[in-house]
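Colleague: One structure, pasted below without further comment.
Each value in this text was obtained by applying a stated rule to the coordinates, not by laboratory testing. Note that the structure is predicted; figures quoted are calculated from it, not measured. Cβ atoms come from the backbone with ideal geometry, glycine included; neighbour counts cover every protein chain shown.
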Amino acid sequence: MAQKSKAAAAVVKAARSADKISTRALINGLVTDFVELHGDRSSGDDPAIVGGIGYLGTRPVTIIATQKGETVEEKIATHNGDPEPQGYRKALRLMAQAAKFKRPVITLINTAGAYPGADAEQHGQGEAIAALLEASYQLKVPFIATIFGEGGSGGALALACADEVWMFENSIYSVLSPEGFASILWKDSGRADEAAGLMKLTPSDLLSLKIIDQVISEPSNQDKLVKNLKKKLILKVAELNQLAPEQLIEKRLARFRKF
Amino acid sequence: MYLFKKNSYVETHPRRQPEKQFKQQVPDNMFIQCPYCKRGFYYRNFGTLRVCPDCGYGLRLKATERLNLLTADYTPWDEDLQTTDPLDFPGYPEKLRKAQAATKLNDSIWTGIARIRGLEIALGIMDSNFIMGSLGTVTGEKITRLFERAIEQKLPVVLFTASGGARMQEGMPALMQMAKISQAVARHSEAGLFYMPILTDPTTGGVTASFAMQGDIIAAEPHTLVGFAGRRVIEQTINKALPEDFQSGEQLQKNGFVDKIVPRSELSDFIAQVVSLNQ
């Protein structure tokens, strides 16, 4: 157990590492001619979610990604990558737009969770996520989600009800943070490492639970990393594009019905 | 002017401790303090509906208690499903057994078909006494099957929510229930059928971020705690104390997320009214 905790804690640390590839670098490496689109058309624009369109290889796709930001100002504006309801509503709007133009949707996720702020609560954080969960199921185009750092609870799930869910080698996906888990269970957030060992939040654990479909290797060379992910995305999008919308939805239904 | 020279305090005998004496004389549970308005009442004043005579807050009920208040005509579904222990979580099987014994449920929700005011309804009632009404894999399966059966039998769904969110003892498979249930809700909706969640105290976390907010009409009991993030987490994040009613159903109604606050005594009539209107 102790060994398992150590290994899991190392993955948690790596998932949150300052050296983790940034959302911008990832998007710029994956797509060309990227045009960022802003706003949810009702209450604002959340910088914690970057959305836009670009070419994945030769195919136009919609990209929706959480963003922690690189400078201190950006990190403050994005609450270190924790989206607010207007961010999720922007994602919802871009998904509908993608379906209209038959563009596949690619989500890139690195968030500790939906932002627990007073405004977020008043603007319906719960409703915004709930709406995305329904819309993800009904989406008529291929949808691939990749968790590349932290995948925190409902705030990550909101963008991950996809045809395929992938995780970077150094990433986590969990119901709550190991710190939160330890503080609820043992009233001691200092035992987070121990909690990490229990929680089955690493890519290999989640692959064996069939929560995710693929683990993306993460070499320290970021060019290599992005190139490899791009190749896999192009192949998978081409494969999913063979299916009729009804088939896609049926498969997506079966994917989540089994849990 | 003796009147103005009165002491501002009353002297009592130093050895006397009135509170303690009071406590010793009153049997347990004879007086209940309303958790919302904090006023104390003789237990019978809460009545069979268990509602505070002053503020109208409804005490938390077991699912079976609520069911019996709503109808005597029902058939339960999926009572035999048993949860697995996907994380091999220490002490979890024991915790489950205790919760099952206390609530007489296999997991944190009762589901079935019920007749309310003559109308057939696929009914779900979550029980906050079962590990805080948390959403586990069996809870999720029962809710999903509730919607699937409702689609087959062309029934409306009424679901009383009460939950602390996804069950951490079951890890990611518990979180996946939010996605699974949302799909079932969407399919039920696509079939043109009516769904109404009724938010009861407390409805939070992953339940708020999924089926509690996906209804055609969303109702809530008076003074129900409804929210996504926990109050303490928000206060720590923004470093400010929040107003008392910050996450109440009434506040959500003001913000546009709840249609109607329905007192417990009017629930059956209200359910019958909106189900009839939405057939």
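Colleague: Given the protein assembly as shown, what percent of its DSSP beta bridges are antiparallel, to the nearest 5?
Modeller: The antiparallel fraction comes to roughly 45 percent.
Colleague: For the protein assembly as shown, which cysteines have no disulfide-compatible partner, meaning no other cysteine Cβ under 4.7 Å?
Modeller: So, A:Cys161.
Colleague: How high is the relative contact order of the range B:140-279, in percent, with contacts defined as C-alpha pairs under 8 Å that are six or more residues apart?
Modeller: Normalised by residue count, the contact order of the range B:140-279 is 22 percent.
Colleague: Let me ask something else about it. What length, rounded to one decimal in nm, is gained on full extension from B:Thr75 through to B:Ala101, with 0.36 nm per residue of separation minus their alpha-carbon distance?
Modeller: Value of the extension gain: 7.3 nm.
Colleague: When chain B is treated as a GNM, springs tying every alpha-carbon pair under 10 Å, which of B:Arg44, B:Arg117, B:Arg60 comes out with the largest mean-square fluctuation?
Modeller: B:Arg44
Colleague: Let me ask something else. Okay, helix-only estimate at 222 nm for the protein assembly as shown: each DSSP H run of n ≥ 4 adds -39500 (n - 2.57), divide by all residues, round to 500 deg cm²/dmol; what do you get?
Modeller: Theoretical 222 nm ellipticity from helices: -12000 deg cm²/dmol.
Colleague: Let me check I have the definition right: for chain A, take the eigenvalues of the Cα gyration tensor, multiply each by 5, take square roots. What are those semi-axes in whole Å, largest first?
Modeller: Output for chain A: semi-axes of 27, 21, 19 Å.
Colleague: Loop-only check: which GluC sites (Glu not before Pro) in the range A:43-86 are DSSP coil with at most 15 other Cβ within 10 angstrom?
Modeller: Answer by residue number: A:Glu70.
Colleague: Suppose a student asked you for the relative contact order of chain B, using Cα pairs under 8 Å spaced at least 6 residues apart; what percent would you report?
Modeller: 14
Colleague: Under a 5 Å amide H to amide H cut-off, with H placed in plane at 1.01 Å, what residues pair with A:Gly57 once short-range neighbours are removed?
Modeller: A:Thr32
Colleague: Let me ask something else about it. Is there a quick way to get the dipole size of the range A:116-193? I mean about its Cα centre, with the Cβ of Lys and Arg at +1 and of Asp and Glu at -1; what is the value in debye to the nearest 20?
Modeller: That gives the range A:116-193 a dipole magnitude of about 100 debye.
Colleague: Taking chain A as a Gaussian network, where each spring joins two C-alpha atoms under 10 Å apart, which residue of A:Ala160, A:Ala128, A:Ala120 fluctuates the most?
Modeller: With Cα springs under 10 Å in chain A, the top fluctuation among A:Ala160, A:Ala128, A:Ala120 is at A:Ala120.
Colleague: With just the Cα atoms defining each centre, how far is the range A:70-84 from the range B:164-180? Give it in Å.
Modeller: 27
Colleague: For B:Lys154, list the lysines whose Cα falls under 22 Å from its own Cα; do not include residues on the same chain fewer than 8 positions away.
Modeller: Cross-link targets: B:Lys142, B:Lys180.
Colleague: Have a look at the DSSP beta bridges in the range B:60-277 and tell me what percent are antiparallel, nearest 5.
Modeller: Taking every DSSP beta bridge within the range B:60-277, about 45 percent pair in antiparallel fashion.
Colleague: While we're here: What ³J(HN,Hα) values, in whole Hz, does the Karplus curve 6.51 cos²θ - 1.76 cosθ + 1.60 give for the range B:165-170 when θ = phi - 60°, with x put for Gly and Pro?
Modeller: Running phi through 6.51 cos²θ - 1.76 cosθ + 1.60 with θ = phi - 60° gives x, 4, 7, 5, 5, 10 Hz.
Colleague: If you don't mind, there's one more thing I want to ask. What is the order of B:Thr137, B:Thr48, fewest Cβ neighbours within 10 Å to most?
Modeller: By the 10 Å Cβ count, ascending, the order reads B:Thr48, B:Thr137.
Colleague: Assign unit charges at the C-beta atoms only (+1 for Lys and Arg, -1 for Asp and Glu), then state the dipole size of the range B:78-153 relative to its Cα centre in Debye, rounded to the nearest 20.
Modeller: Its charge dipole is roughly 340 debye.
Colleague: Whole Å is fine, so just give me how far the alpha carbon centre of the range A:95-140 lies from that of the range A:23-50.
Modeller: Their Cα centres are 14 Å away from one another.
Colleague: Apply the Karplus curve 6.51 cos²θ - 1.76 cosθ + 1.60, θ = phi - 60°, to the phi angles in the range B:82-91 and return the couplings in whole Hz, x for Gly and Pro.
Modeller: With the stated coefficients, the range B:82-91 comes to 10, 6, 9, 10, x, 9, 6, 7, x, x Hz.
Colleague: Going by how many other Cβ atoms sit within 10 Å of their own, how do B:Ser268, A:Ser17, A:Ser220 line up, fewest first?
Modeller: Lowest count first: A:Ser220, A:Ser17, B:Ser268.
Colleague: Follow-up question, since we're still on this one. Once you sort the root eigenvalues of the Cα gyration tensor of the range A:184-259 as a ≥ b ≥ c, which label holds: rounded (a/c under 1.5), prolate (a/b larger than b/c) or oblate (the other case)?
Modeller: oblate
Colleague: Can I ask one more? Using alpha-carbon pairs under 8 Å, 6+ residues apart, how would you state the relative contact order of chain A in percent?
Modeller: 19
Colleague: Moving to a separate point now. Could you state the principal axis extents of the C-alpha atoms in the range B:96-174, from the largest down, to the nearest angstrom?
Modeller: 37, 25, 18
Colleague: Report the antiparallel proportion of the DSSP beta bridges in chain A as a percent, rounded to a multiple of 5.
Modeller: About 40 percent, rounded to the nearest 5.
Colleague: Among B:Gly112, B:Ile218, B:Thr75, which residue has its Cα positioned farthest towards the positive end of the charge dipole of chain B, with +1 placed on the Cβ of Lys and Arg, -1 on the Cβ of Asp and Glu, and the dipole taken about the Cα centre?
Modeller: Highest projection toward the positive end goes to B:Ile218.
Colleague: Looking only at B:Pro86, B:Pro222, B:Pro243, which one moves most when chain B is put into a Gaussian network model with springs between Cα atoms under 10 Å?
Modeller: In this elastic network of chain B, the residue with the biggest mean-square fluctuation among B:Pro86, B:Pro222, B:Pro243 is B:Pro243.
Colleague: Only counting other Cβ atoms within 10 Å, I'd like B:Val262, B:Val138 sorted with the fewest neighbours first.
Modeller: B:Val262, B:Val138
Colleague: Could I ask something else about it? Roughly speaking, what is the stretch gain from A:Arg59 to A:Asn221, that is 0.36 nm per residue apart minus the C-alpha to C-alpha distance, in nm to one decimal?
Modeller: Gain on stretching A:Arg59 to A:Asn221: 55.7 nm.
Colleague: Also: What number comes out for the charge environment of B:Ser248, summing +1 per Lys or Arg and -1 per Asp or Glu over other residues with Cβ under 13 Å away?
Modeller: Taking every Cβ under 13 Å from that of B:Ser248, the sum is -4.
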